[in-house]
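Take a look at the structure below.
The values are calculated or read from the model by the stated rules, or taken from the named source; none is laboratory data. Here the structure is a predicted model, which means the values were calculated and not measured. Positions of Cβ are backbone-derived with ideal geometry, glycine not excepted, and every protein chain shown enters the neighbour counts.
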Amino acid sequence: MPAIASLEDLRAAQKELPEVKDVEELKRVFRRWRKIVEELNRDWESYFVIEITDGLIRFAGDIAERYLLRGFDAIHLASAVHLKNKINSEIYFSSHDTRLNQSAEKEGMIIVS
């Protein structure tokens with residue numbers, strides 16, 4: 001799954017930035033970022049688009065009540081659950097929100113942090 005690897009690479013490169021000591025090192029980090037962004041752009045066409053339908057909104061409402069999530073967090077998770085059921089496969093899930101990640105894990109998602 002190239003996009004996940006790219007995101008992990010981007011996070012690693014981001015951690016290097018505060019440790020940059022000279023211009024050459026800074027250029028190296030930016031070249032690495034540029035390569036990662038290029039990979040993400042290349043992979044973009046292979047991403048799924050999930051339509052926000054009335055059914056998905058109702059399902060998000062159920063998810064919001066079940067896990068006490070905010071509206072857009074519930075839509076995020078409902079979309080992931082919908083995709084998981086549609087393709088019958090493992091789904092990688094990522095968020096900066098701890099409650100949302102915990103809820104996704106309860107729904108059988110693999111959390112990428």
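Those residues that are surrounded by 10 or more Cβ atoms within 10 Å (Cβ to Cβ) and closer than 14 Å to ALA80 by Cβ, I need them from segment 42-61; list them, please.
We begin by selecting, within segment 42-61, every residue surrounded by 10 or more Cβ atoms within 10 Å (Cβ to Cβ); these are 42-43, 50, 52-53, 55-61.
Matches in segment 42-61: ILE50, ILE52, LEU56, PHE59, ALA60.
Return yes or no: is ASP73 at pLDDT 80 or above and within 18 Å of the chain's Cα centre (by Cα)? First the steps, then the outcome.
Numbers: at pLDDT 80 or above: yes; within 18 Å of the chain's Cα centre (by Cα): yes.
Considered against the rule, which asks whether it is at pLDDT 80 or above and within 18 Å of the chain's Cα centre (by Cα), ASP73 comes out as yes.
Which one is modelled with the lowest pLDDT, of the residues in segment 1-40 that are of a type in the set (Lys, Arg) and in a helix (DSSP H, G or I)?
Among residues in segment 1-40 that are of a type in the set (Lys, Arg) and in a helix (DSSP H, G or I), the one modelled with the lowest pLDDT is ARG11.
In the set VAL23, VAL81, which member is more than 21 Å from GLU8 (Cα to Cα) and in the same structural domain as GLU8 (by TED's automatic domain parsing)? Outline the logic, then answer.
Details: VAL81 fails: in the same structural domain as GLU8 (by TED's automatic domain parsing).
The match here is VAL23.
Kindly evaluate VAL37 against the criterion of being under 18 Å from ASP9 (Cβ atoms), of a type in the set (Val, Ile, Thr) and surrounded by 14 or more Cβ atoms within 10 Å (Cβ to Cβ). Before the answer, list the steps.
On the way: under 18 Å from ASP9 (Cβ atoms): yes; of a type in the set (Val, Ile, Thr): yes; surrounded by 14 or more Cβ atoms within 10 Å (Cβ to Cβ): no.
Criteria not met by VAL37.
Of the residues in segment 9-34, how many are exposed (fewer than 14 other Cβ atoms within 10 Å of the Cβ), among the hydrophobic types (A, V, I, L, M, F, W, C) and either within 26 Å of the chain's Cα centre (by Cα) or closer than 19 Å to SER113 by Cα (or both)?
Here the count works out to 3.
For segment 85-113: of the residues being in a helix (DSSP H, G or I) and in contact with a strand residue (DSSP E or B) (Cβ under 9 Å, 6 or more places away or on another chain), which is surrounded by the most Cβ atoms within 10 Å (Cβ to Cβ)? Spell out the reasoning first.
Start the filter on segment 85-113 by keeping residues that are in a helix (DSSP H, G or I), which leaves 85-87, 98-106.
So of that shortlist, the ones also in contact with a strand residue (DSSP E or B) (Cβ under 9 Å, 6 or more places away or on another chain) come out as 100-102, 104-105.
Numbers: LEU100: 22, ASN101: 18, GLN102: 13, ALA104: 26, GLU105: 12.
Here the answer is ALA104.
Go through segment 67-78 residue by residue and tally those that are surrounded by fewer than 18 Cβ atoms within 10 Å (Cβ to Cβ) and in contact (Cβ under 8 Å) with a residue 12 or more places away in the chain. Before the answer, list the steps.
Taking segment 67-78 and keeping what is surrounded by fewer than 18 Cβ atoms within 10 Å (Cβ to Cβ), we get 67-68, 70-72.
Now restrict to residues that are in contact (Cβ under 8 Å) with a residue 12 or more places away in the chain: 67-68.
Going through segment 67-78 one residue at a time, the tally reaches 2.
Hey, could you check segment 41-70 for residues that are in a loop (DSSP other than H, G, I, E, B) and more than 18 Å from the chain's Cα centre (by Cα) and say which is farthest from ALA104 (Cα to Cα)? Steps first, answer last, please.
Step one: filter segment 41-70 for residues in a loop (DSSP other than H, G, I, E, B), giving 47-53, 68-70.
In the following step, the residues that additionally are more than 18 Å from the chain's Cα centre (by Cα) were identified as 53, 68.
Working: THR53: 20, LEU68: 12 Å.
Step by step, filter segment 41-70, then rank; the result is THR53.
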